[in-house]
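Structure first, then comments.
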Amino acid sequence: MAGTTRPPLGGTALVDRGRNPVTQQRQLRAELRAAREAAKLRQKDAADRLEWSLSKLIRIETGAVGISLTDLRALLQLYGVTDESTVEQLVDMARSGKQQAWWDRYRPRLPQPFVTFLGLEDSTTLIRQFQPLFVPGLLQTEDYARSVVSLYSPDDTDGIERGVEIRMERQDKFYDKGDQQAFFILDESALRRQIGTPQVMRKQLVRLKELNRLPFVSIQVIGFDKGLHRGMESAFTVFEFPAGDDQDHAIYIDQAGKSRSILIQNSPEDASRYVEAFIELEAVATPSDELDIFIDRIITDSFNEGAH
């Protein structure tokens with residue numbers, strides 16, 4: 001195949017797309033697969049030409065292992081990607097993908113599904129999250145988060161503080177960027193159930209009102225009067241990724257405990273099912289522009305300063 005000047009599929013500079021090492025790794029894998037397909041080579045053909053095992057190439061393309069700069073340049077030469085700016089951009093992606101993510105210092109103490117969740121959350125362009133039991137982590141105040149985390153490890157003071165620290169850092173990263181759309185739907189029970197003291201709940205509810213005013217955040221509530229609905233089975237989060245990524249969606253299902261969390265990737269059928277479920281929930285939930293009225297009623301009923 002003749003040398004090509006085809007730019008990476010993203011078509012934009014690294015600084016525009018690269019938010020974290022996970023983003024870079026995933027985009028690089030997508031670019032390498034696209035380059036191989038453009039060169040009309042099967043995985044076995046490419047592996048044979050480079051005298052690699054087929055397993056090595058498959059593991060690189062699936063992200064099971066990283067890729068060295070030497071191997072990357074060999075692949076690009078084989079695929080006919082010779083444009084200097086394109087090669088350097090892909091090399092930069094590989095280098096950036098080797099850098100540490102902000103959550104890496106916590107990695108030894110976190111379950112792997114949650115580590116993956118953090119990477120997805122930090123690199124997605126759109127988040128849809130339904131939560132029937134608690135206020136979602138990205139929306140929690142520090143005191144509310146401390147009460148929730150202590151539920152899982154009440155005697156582990158260090159673990160509780162670490163969990164709160166992670167949630168606050170997640171929020172800092174998310175709100176500082178401000179370039180990810182986030183849609184949250186909560187069941188009314190998540191707002192009426194007292195977590196911590198009444199004062200903690202009041203501050204949490206006021207915080208929801210404040211966050212809902214951000215242009216990239218939408219918060220809705222499904223009231224008790226709506227009866228049974230599709231979200232009552234479990235909490236779930238749907239991540240949507242930019243065009244040119246190696247996956248369109250990922251789904252994280254939280255079934256009330258860390259060990260029961262389920263991560264689904266590269267499954268268009270499941271993605272469609274959960275996106276459709278979320279849209280159905282949006283239709284029955286109170287519109288986000290009525291959130292203040294809904295929350296003020298709950299504060300008056302249950303968490304008014306004079307109510308306790």
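Looking at 174, 183, 236, which is the one that is touching a Lys or Arg at 6+ places or on another chain (Cβ under 9 Å) and at pLDDT below 95?
Result: 236 is the single residue among 174, 183, 236 that is touching a Lys or Arg at 6+ places or on another chain (Cβ under 9 Å) and at pLDDT below 95.
For the range 87-105, which residues satisfy the criterion of being over 30 Å from residue 169 (Cα atoms) and in contact with a helix residue (DSSP H, G or I) (Cβ under 8 Å, 6 or more places away or on another chain)?
Within the range 87-105, 87 is the sole residue that qualifies.
Run down 90, 133, 120 and say which single residue is under 20 Å from residue 30 (Cα atoms) and either outside the structural domain of residue 235 (by TED's automatic domain parsing) or not in a helix (DSSP H, G or I) (or both).
Exactly one of 90, 133, 120 is under 20 Å from residue 30 (Cα atoms) and either outside the structural domain of residue 235 (by TED's automatic domain parsing) or not in a helix (DSSP H, G or I) (or both), namely 90.
What pairs come out if I take residues in the range 104-122 that are free of Cβ contacts under 8 Å to residues at least 40 places away in the same chain and pair them with residues that are hydrophobic (A, V, I, L, M, F, W, C) and part of a helix (DSSP H, G or I) whose C-beta lies under 6 Å away, six or more apart or interchain?
107/115
Just give me the residues in the range 136-185 being polar (S, T, N, Q) and assigned to a helix (DSSP H, G or I), in sequence order.
Selection gives 147, 150, 157, 171.
The values are calculated or read from the model by the stated rules, or taken from the named source; none is laboratory data. Note that the structure is predicted; figures quoted are calculated from it, not measured. Here Cβ is always computed from backbone atoms with ideal geometry, including for glycine, and neighbour counts include all displayed protein chains.
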